[in-house]
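The values are calculated or read from the model by the stated rules, or taken from the named source; none is laboratory data. Every value quoted in this text rests on a predicted model; they were computed, and no experiment measured them. All Cβ positions, even for glycine, are placed from backbone atoms using ideal geometry, and neighbour counts span all protein chains on display.
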Amino acid sequence: MAKRKGTGTVTRRKFLANTGNLMATTPRVGPGGFDMRGESSATSLVYPAAAKPPRAIPIGVFDSAFDSLSLEEMLDKLSALGIEAVEIRAKGLPDPKHCPITELLADPAKARAWKKKFEDRNIRVAAFSCHGNPIHPDPVIAARDDQFFRNAVLLAERLQVPVVVGFSGCPGGSPADKTPNWITYRWPPEVNEMLNYQWAERVIPYWKQAARFAREHGIRRIALEMHPNFVVYNPHTLVKLRDAVGEEIGANCDLSHLFWQGCDPVETIRYLGQQGALFHAHMKDTLIVKDLAARTGVLNFSENPAKATEGSVYFRAVGYGHGAQLWKDVVKAYMDADFQGIMSIENEDPILTGEVGVERAFYILKNVRAEILAQSP
């Protein structure tokens, strides 16, 4: 890391005062494009385009919920449930049970036969997932996860699957670090230097070349899941990376990671839709235990994953953290945003485990989707 200049010259009070001034001078734009402080921020009114008939967004599932089943068993289960699409995990050593990556990349005929198994059951293969950390400070881990990403891109190209899902990753705070360092706040000054290093030296350079690789292979949608412990963890950091890298970068909008950050789900979907950055959606809920969160805050996750319900926040199946009306608003927001992906159920519910949580989530999503379509002109 470059030698720090002026370390210790900025006090926390001064830092907060400066950021407060920035907030005070930021225009607040109200309806019709007018600055709410009284100044016009647009030269003319912008009228919304005529509404399109809503799209019946396919309801799918992330296949990790069915890890105990073989591919054929999973397909039979999904077909019986009425699942319309899948997101397939395409990373792992050895290859994952449902996706023999090495074999499918080596033999085009076997790849076509694999995909036909889904098509015969009217199930769309909508995305390949390769969640990892390709900018890990350990070069061995970084190289492994970068190869997972590249394999997923090549597989998506071969099978004409439009979306590759993953994480942004997280580097160390300096070239000397051996472990990732997730930073969310720019003070004290040395932390600001660390964050600048991460984005300028690791994050943006990696994703520029990764997006170029995807583009060269016909993949224009890299859906990054906004997740804690990675540099892209909310809509702001997602759009920051997209602006720096290009339109291949978009969101896997997993609201379960945004509820506890205080994001409004409908406003989040609208915002990302306006950016053209809605590529994929994980459908997963979050329960915030209000009395515990009131005492310990929303970052009090259980230290023992086997006892997730002891924390002030934990994941639930759709409808078990927030009611069906909110999820109806969410699905409607995706329709209004002309979302072209799928609603992929990811089940990490510690109570409704495996396929039980998938079934409950699917029931709610199917019914709220039907209500919206029935009410549309």
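Out of the residues in the stretch 171-195 meeting the condition of being surrounded by fewer than 14 Cβ atoms within 10 Å (Cβ to Cβ) and among the polar types (S, T, N, Q), tell me which one is farthest from D138 (Cα to Cα). It comes out as T184.
The C-beta contact set for the stretch 254-274 (first residue assigned by TED's automatic domain parsing to the domain that holds D349, second residue acidic (D, E) and in a helix (DSSP H, G or I), distance under 7 angstrom, 6+ apart or interchain) comprises V266/D329. Would a scan of the stretch 209-223 turn up a residue that is in contact (Cβ under 8 Å) with a residue 60 or more places away in the chain, assigned to a helix (DSSP H, G or I) and within 12 Å of the chain's Cα centre (by Cα)? No, the stretch 209-223 has no match at all.
Of the residues making up the stretch 275-291, one or more are in contact with a Ser or Thr (Cβ under 6 Å, 6 or more places away or on another chain), more than 30 Å from I222 (Cα to Cα) and either in the same structural domain as E248 (by TED's automatic domain parsing) or surrounded by fewer than 18 Cβ atoms within 10 Å (Cβ to Cβ) (or both). Once the stretch 145-183 is narrowed to residues that are out of contact with any helix residue (DSSP H, G or I) (no Cβ under 9 Å at 6 or more places or on another chain) and among the polar types (S, T, N, Q), the residue that is farthest from K91 (Cα to Cα) is T179. Residue pairs, Cβ under 6 Å, 6 or more apart or interchain, first in the stretch 139-166 and outside any loop (DSSP other than H, G, I, E, B), second of a type in the set (D, E, K, R). List them. Listed by first residue and then by second, the contacts come to F148/K91; L159/K115; V163/R221. For H98, are the conditions met, namely being under 24 Å from the mean Cα position of the chain (by Cα), under 20 Å from F230 (Cα atoms), in the same structural domain as R369 (by TED's automatic domain parsing) and not aromatic (F, W, Y)? Against the criterion (under 24 Å from the mean Cα position of the chain (by Cα), under 20 Å from F230 (Cα atoms), in the same structural domain as R369 (by TED's automatic domain parsing) and not aromatic (F, W, Y)), H98 does not qualify.
Considering only residues in the stretch 298-336 that are farther than 22 Å from R55 by Cβ and assigned to a helix (DSSP H, G or I), the one that is modelled with the lowest pLDDT turns out to be P305.
Within the stretch 309-348, if we keep just the residues that are more than 21 Å from the chain's Cα centre (by Cα) and among the small types (G, A, S), the residue that is nearest to I372 (Cα to Cα) turns out to be A324. Taking S168 as the residue in question, decide whether it is under 12 Å from H136 (Cα atoms), small (G, A, S) and buried (at least 17 other Cβ atoms within 10 Å of the Cβ). Taking the combined requirement at face value, the residue satisfies it. In the stretch 97-122, the residue that is surrounded by the most Cβ atoms within 10 Å (Cβ to Cβ) out of those that are part of a loop (DSSP other than H, G, I, E, B) and touching a helix residue (DSSP H, G or I) at 6+ places or on another chain (Cβ under 6 Å) is H98. Do we find that P180 is part of a loop (DSSP other than H, G, I, E, B), in the same structural domain as N252 (by TED's automatic domain parsing) and closer than 25 Å to A361 by Cβ in this structure? Here the answer is no, as P180 does not meet what is asked. G132 passes every criterion in (1) out of contact with any His (no Cβ under 8 Å at 6 or more places or on another chain); (2) closer than 20 Å to A244 by Cβ; (3) of a type in the set (G, A, S) apart from (2).
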